[in-house]
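Nothing in this text is a laboratory measurement; each read-out follows from the coordinates by a stated rule. Source: prediction; values computed, not measured. Reconstructed Cβ throughout: ideal geometry from the backbone, glycine too, with neighbour counts over all protein chains shown.
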Amino acid sequence: MIKTRLLLLCALSAFLMGIEAQIAFVEDADIDKKKVNLAGRKPLYSPARCPRYQLLYPGDQQLDWVCDCAPATLYYPETDACYPAYRQGPCEQGQMLVLYKEKIIPECVRNPCNTDGHFMIRDTCYEFGNTKHEGNPCPFKEYTYVLGVNPINLMVDCVKLSVQLETRISQDEAAAPPDYHIELAEKCSRGSRLLAQGRCT
């Protein structure tokens with residue numbers, strides 16, 4: 001009788017373990033940029049919820065939001081943070097963070113200028129965002145083009161200087177800084193955390 005009960009108990013537990021092993025839960029569903037629930041939902045600047053250089057993007061569920069890198073910034077997995085492209089960021093002194101075209105993870109490379117915020121063009125170092133005529137390699141200086149990082153292709157380029165005026169009487173207290181390029185923010189863009197983690201389709 002005891003052997004039968006023990007055998008029955010073992011069989012029942014094996015059966016239950018077999019059922020349990022067949023149940024699976026999806027942990028991180030892929031994010032499809034073209035899902036219907038993303039329509040009309042735009043990325044937000046939310047410094048209380050997202051770390052520096054990150055925006056709050058609509059997630060894959062109706063009320064879901066996720067922090068990810070702002071345009072012109074790169075996700076660096078070793079520190080789990082975003083940094084401006086072609087700047088020192090998490091790299092050692094005299095280096096800059098670069099994302100090569102064929103790569104997903106950015107690398108620290110030697111900055112020939114040896115100064116953060118500077119980039120070498122034809123053996124001359126120029127400062128990003130410099131509006132002084134002699135220190136600006138860009139054409140159309142009169143239209144406020146300066147050396148910077150193109151937020152669309154993550155390459156050093158002449159970009160239009162973004163001007164944001166702050167007043168004591170402000171309608172929008174949490175306005176994104178101009179270098180966040182919130183108007184160009186797109187989920188799962190090149191250099192983003194979600195893309196680096198393989199969570200985009």
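A few comments on the model shown:
- Karplus 3J(HN,Hα) series, Hz, for the range 72-77 with 6.51 cos²θ - 1.76 cosθ + 1.60 (x for Gly, Pro): 6, 10, 10, 7, 10, x
- The packing ranking of peptides 66-72, 185-191, highest mean first, is 66-72, 185-191, where packing means the average number of other beta carbon atoms within 10 angstrom of each residue.
- Put simply, the amide H of residue 117, placed in the peptide plane, has neighbours under 5 Å in 88, leaving out anything fewer than 5 places away on its chain.
- For the range 114-120, backbone phi angles converted through the Karplus equation (6.51, -1.76, 1.60; θ = phi - 60°) give residue-by-residue couplings of 6, 9, 5, x, 10, 9, 8 Hz, Gly and Pro being listed as x.
- Scanning residues 5 or more positions from residue 130 or on other chains, those with amide H under 5 Å from its amide H are 147, with H placed 1.01 Å from N in the peptide plane.
- Residue 144 versus residue 61: modelled label distance in nm, points set 7 Å from Cα along the beta carbon direction: 4.2 nm
- Distance violations [Cα-Cα > 24 Å] among 101/187; 101/132; 42/132: 101/132; 42/132
- Database remark: amide H of residue 65 closer than 5 angstrom to the amide H of 59 (H placed geometrically; neighbours at sequence offset of 5 or more, or on other chains; Pro and chain starts carry no H).
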